[in-house]
Structure formats: C-alpha cells, structure tokens
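What follows is a short report on a single structure.
The values are calculated or read from the model by the stated rules, or taken from the named source; none is laboratory data. This structure is a prediction, so every number in the text was calculated from the model and none was measured. When we count neighbours, we look across all protein chains shown, and the Cβ atoms used for this are built from the backbone with ideal geometry, even at glycine.
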Amino acid sequence: MAFIWDESFVTGYVDIDDQHYHLINLINAFGDFVKSGEHSEAVIKIVFDELYEYTSYHFKEEETVMELEGIAPYFLELHINIHKEFLSKVKQMHENVSIDEPATLQNLYDFLVHWLTNHILGIDKNTTAQINAIKNGCDAEDAFLVVRKEINKHLKHSQLSI
C-alpha cells in the first residue's frame, strides 16, 4: 500500500508542502524496499539515514517558519517536542529492525505512514490555521486558543497534550 499525496495534505506553504511531498516519496521508497523482500543491513541503513536526515531538515524548516510567523511560544515548544519525540521513536524502531524479522521493517513503515498522515492533517494544518489567524490580526495566544480543540484531537497519538 503506497502513501498517496492528495490535496488534503496541502498546508498552503509551498516549501513545506514540497517537503511533505518529498517525505511521502521517501516513505514510499522505504515501503517498496520492505515489500521487495531483498533486505540487507547496508541498504536499510542507507534508506533509513536518508529518511531520518531529510525529516530532521524538514522539522527545522517547519520550526523556523513557526518562529518567524510568531506562533505562540507554548505551541512552538509543543510542536518541537513532538518532532523530537518522533525522531527518537523512529531511531529506536530502526535500532530494533532485523533483516531476519521482516515484520520489524513493516512495523516501521506502518508507523511512518500513520504518524506523518496524522501530523500533517492535525498539527501542521492547525499550525497553518494559527498563522492565518495571526496574519488576520489575531494575537498568537488567541490564535492558539481558537484551534486548541482541533490540536487536542490530533495529539491523541502522542504522549504530549495541551
């Protein structure tokens, strides 16, 4: 099953959307590798390293946009912590991957697909809503409060809550 990009993933920030699209392509490449059944430690490392490094780059870009747009500091810190939590979890899952246990690769792939889908459609879309509210004259704290209920719905997949 491929991770399919559609318009529901568009945040309205072209660079961020392009990065999300690239992340989806990297995840799909990982999925193709998982399905191929031709697993080697060396290839797993190459594929994982590219995905991990690009995701780290993307998170820094997102965090810079939020800071420049004046997102409420509390939400910025929360979003950064969610990114850190994800990177830590993925690194841990990667360390537990075994070519002798293909299910570990499939579990990592499934986690990546589900996490990124929920993150883009939840937190990232809410970030965009906050930025739009700020651009329309709302202060950062009020913008945060306006979308708080939606944010909480999407944090259920994380250990963090607001």
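List of remarks:
Let's see how each residue does on (1) closer than 30 Å to Leu145 by Cβ; (2) under 16 Å from the mean Cα position of the chain (by Cα); (3) acidic (Asp, Glu); (4) modelled with pLDDT of 90 or more:
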| site | (1), (2), (3), (4) |
| --- | --- |
| Val65 | yes, yes, no, yes |
| Lys89 | yes, yes, no, yes |
| Ser98 | no, no, no, no |
| Asn107 | no, no, no, yes |
| Gly122 | yes, yes, no, no |
| Thr128 | yes, yes, no, yes |
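- Meets criteria (under 20 Å from Trp115 (Cα atoms), of a type in the set (D, E, K, R), surrounded by 13 or more Cβ atoms within 10 Å (Cβ to Cβ) and out of contact with any helix residue (DSSP H, G or I) (no Cβ under 6 Å at 6 or more places or on another chain)) for Asp17: yes
- Search result, residues across the stretch 1-45 that are assigned to a helix (DSSP H, G or I) and either in contact with a strand residue (DSSP E or B) (Cβ under 6 Å, 6 or more places away or on another chain) or among the small types (Gly, Ala, Ser) (or both): Ser8, Ala29, Gly31, Ser36, Ala42
- Boolean, Tyr109 is within 27 Å of Phe30 (Cβ to Cβ), surrounded by 14 or more Cβ atoms within 10 Å (Cβ to Cβ) and of a type in the set (Phe, Trp, Tyr): yes
- Yes/no for Tyr57 being closer than 20 Å to Asn126 by Cβ and among the hydroxyl-bearing types (Ser, Thr, Tyr): no
- Within the option set Asp142, Asp124, being in a helix (DSSP H, G or I) and touching a residue at least 12 places away in the same chain (Cβ under 8 Å) holds for one residue only, Asp124.
- Among the residues of the stretch 59-83, just one is surrounded by fewer than 16 Cβ atoms within 10 Å (Cβ to Cβ) and not in a helix (DSSP H, G or I), namely Gly70.
- Any hit, the stretch 31-44, residues being closer than 19 Å to Ile134 by Cα, surrounded by fewer than 18 Cβ atoms within 10 Å (Cβ to Cβ) and among the aliphatic types (A, V, I, L, M): no
- When the stretch 84-96 is filtered for residues that are surrounded by fewer than 18 Cβ atoms within 10 Å (Cβ to Cβ) and of a type in the set (A, V, I, L, M, F, W, C), the ones remaining, listed by number, are Leu87, Met93.
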